[in-house]
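For reference, the structure is listed below as structure tokens.
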Amino acid sequence: MIIDFRVRLPFKEQFPDVDPNDLSFVPAYMRHYLELFSEGIKYRDVVTTEHLLETMEQNGISKAVMQAEWEFGDYRALNNSVKRLMDQYPDKIIGFCTVHPQESRDMAKEVEEWVKGKGMRGVNLQPWAYQLHAHDRKFYPVYEKCVELDIPVTIHTGVNWSLTRSMDYGRPIHLDHIACDFPELKIVASHGGWPWVNEMVAVAWKHPKVYIETGAVSPKYIGRPGTGWETFIQYANSILKERILYASEWPLLSFERVISETKALPLKEDVKAAYLGENAARLLGIR
């Protein structure tokens with residue numbers, strides 16, 4: 001079983017009324033992303049939900065976690081779009097909701113409504129976009145609610161490419177504070193924490209409910225010496241083998257590319273199987 005732990009909502013689902021060739025609606029703090037990933041965002045013209053499902057089938061992906069990954073726009077509309085696809089394709093799409101600390105009056109209540117009332121399976125946070133650290137006390141009611149509901153929270157961990165948002169918001173050490181205060185909270189560190197991979201591995205080694213997800217990172221670089229991922233490979237093959245999660249960040253990276261490069265990594269075969277799906281299935285309660 002292959003489970004992709006991070007796929008993005010197709011552009012036309014997230015912004016149905018926007019001309020995909022006109023990105024002037026993107027806020028200034030996101031413009032550098034467009035410059036750096038100009039090739040990767042060309043998908044906006046052609047990628048549809050049907051294309052997502054077709055390419056999942058072609059690459060043997062059983063399920064995909066579609067996360068409401070808030071960077072700008074209406075976060076409630078984003079949640080609704082993810083829920084719509086989750087409801088249409090319940091055997092394929094697993095939905096994670098998001099919240100917004102500057103707009104939500106009661107983030108914990110919203111999480112409960114999205115999970116208990118609407119079937120979401122987790123929460124996604126983007127601290128760099130809010131300009132808050134993940135261990136800011138504003139998020140503590142959300143973490144408490146996630147523990148109560150027994151659901152994971154995914155947190156952007158690692159570099160962000162905005163020219164007006166500090167990379168420090170993504171330091172893995174911030175997750176250490178959270179895990180100390182909420183030892184039962186299931187924390188998924190999105191994007192693997194690069195360039196602080198050693199720090200990320202240390203936090204995961206210390207806390208048994210911290211997982212490392214590597215979405216948006218080409219696995220060929222994870223396996224290449226000198227890129228800063230050497231510690232991840234070393235410990236993925238040993239003490240962290242049950243807490244690593246494959247993800248693509250489709251459609252920025254294709255399923256075909258990420259899966260083929262993952263299978264070529266210098267990991268033990270049983271570790272590859274755990275990475276590609278077994279760990280995610282256990283975390284999400286999928287049998």
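Every read-out reported here was derived from the displayed coordinates using simple, explicitly stated rules and does not represent laboratory data. If you're wondering where the values come from, they're calculated on a predicted model, not measured in any experiment. Virtual Cβ from ideal backbone geometry, glycine too; neighbours counted across all protein chains shown.
Descriptive notes on the structure:
- 5 angstrom amide H check on VAL99, placed H, neighbours 5+ away: ASN124
- A simple spin-label model places the labels of MET167 and GLN131 2.0 nm from each other, with each point 7 Å out along Cα-to-Cβ.
- Likely footprinting exposure, SER166, SER62, SER81, fewest C-beta neighbours within 10 Å first: SER166, SER62, SER81
- Spin-label pair GLU103/GLU148, simplified geometry with 7 Å Cα→Cβ offset, distance in nm: 2.4 nm
- Arranged from fewest to most other beta-carbon atoms within 10 Å of their beta carbon, TRP205, TRP128, TRP250 become TRP205, TRP128, TRP250.
- Backbone HN-Hα couplings from phi across region 181-186 [Karplus 6.51/-1.76/1.60, Hz, Gly and Pro as x]: 7, 10, x, 8, 6, 8
- Annotation for region 70-122: trypsin sites (Lys or Arg not before Pro) lying in DSSP loop with at most 11 further Cβ atoms inside 10 Å of their Cβ are ARG105.
- 23 Å Cα-Cα threshold exceeded, pairs from LYS12/LYS116; LYS83/LYS109; LYS63/LYS138; LYS92/LYS268; LYS63/LYS145: LYS12/LYS116; LYS63/LYS138; LYS92/LYS268; LYS63/LYS145
- Principal axis dimensions, region 120-165 - Cα atoms, whole angstrom, descending: 37, 20, 14
- Pairwise FRET efficiency - THR48 versus GLN234, Cβ, R0 = 41 Å, nearest 0.05: 0.55
- The chain, relative contact order in percent, only Cα pairs under 8 angstrom and at least six apart counted: 18 percent
- Set of aspartates and glutamates near LYS220 by C-alpha distance (under 18 Å), chain-local residues within fewer than 8 positions excluded: ASP4, GLU230, GLU249, GLU256, GLU261, GLU269
- Extension reserve of the LYS118-ARG282 stretch, reckoned as 0.36 nm per residue once the Cα distance is removed: 56.9 nm
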